[in-house]
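S.K.: First the structure, which I've put down as structure tokens, then a few questions once you've had a look.
The values are calculated or read from the model by the stated rules, or taken from the named source; none is laboratory data. If you're wondering where the values come from, they're calculated on a predicted model, not measured in any experiment. FYI the Cβ positions are ideal-geometry reconstructions off the backbone, even for glycines, and counts take in every protein chain you see.
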Amino acid sequence: MVKEKGSMIVQSNTGERPVMKAVPNQEVTEKAVRRKFTAEYKLRILKEAEACTIPGQIGALLRREGLYSSNLTLWRRQVDEGLIPKKRGPVARGPSYVRRIAELEKENARLAHKLKKAELIIEVQKKVAALLREEERTEKDS
């Protein structure tokens with residue numbers, strides 16, 4: 001028995017001469033890695049599945065490729081919808097001018113709110129000034 005990079009080579013005697021065959025490493029990995037299939041691979045497997053006419057051929061294909069029948073169902077649906085996988089990550093933003101317009105509208109609303117507050121303060125100051133003047137007049141008259 002010879003060890004070789006994650007698997008073992010086993011020597012077995014079948015027939016006239018010894019044959020070397022690889023036995024895969026049976027150790028479970030710490031974290032499973034999710035498989036990613038390219039669009040070309042999906043289309044190739046779907047074509048092979050469509051070519052299967054004898055009962056059991058699709059099952060053999062799925063076993064050979066290490067796939068599930070749900071993969072075929074999902075991939076067929078994707079082909080009907082244009083084979084566009086969902087993209088992960090941040091949502092794509094629109095053109096820059098749309099973002100700029102949104103920024104300006106937000107700033108405009110903020111400034112309008114600030115202006116209303118300033119006008120309210122000025123109005124209150126005018127009323128306070130008028131009251132003080134009135135109070136001054138009443139003091140002079142008395």
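S.K.: Tell me the residue from K31, K87 that is assigned to a loop (DSSP other than H, G, I, E, B) and at pLDDT below 70, please.
M.R.: K87
S.K.: Still on this structure, I have one more. Among what's in segment 34-81 and is among the acidic types (D, E), under 27 Å from the mean Cα position of the chain (by Cα) and in a helix (DSSP H, G or I), pick the residue that is modelled with the highest pLDDT. Let's see the steps before the verdict.
M.R.: The initial filter retains those residues of segment 34-81 that are among the acidic types (D, E), namely 40, 48, 50, 65, 80-81.
Among the residues that remain, those that are also under 27 Å from the mean Cα position of the chain (by Cα) are: 40, 65, 80-81.
If we keep only those that are in a helix (DSSP H, G or I) as well, we get 40, 65, 80.
Numbers: E40: 84, E65: 92, D80: 84.
Once the filter is applied, the top-ranked residue is E65.
S.K.: Could you pull out the residue among E134, E65 that is closer than 18 Å to A39 by Cβ and not hydroxyl-bearing (S, T, Y)? Spell out the reasoning first.
M.R.: On the way: E134 fails: closer than 18 Å to A39 by Cβ.
Result of the check over E134, E65: E65.
S.K.: In segment 120-142, what residues are of a type in the set (S, T, N, Q) and at pLDDT below 95? Talk me through it step by step, then tell me what you get.
M.R.: Step one: of segment 120-142, the residues of a type in the set (S, T, N, Q) are 125, 138, 142.
Correct list: T138, S142.
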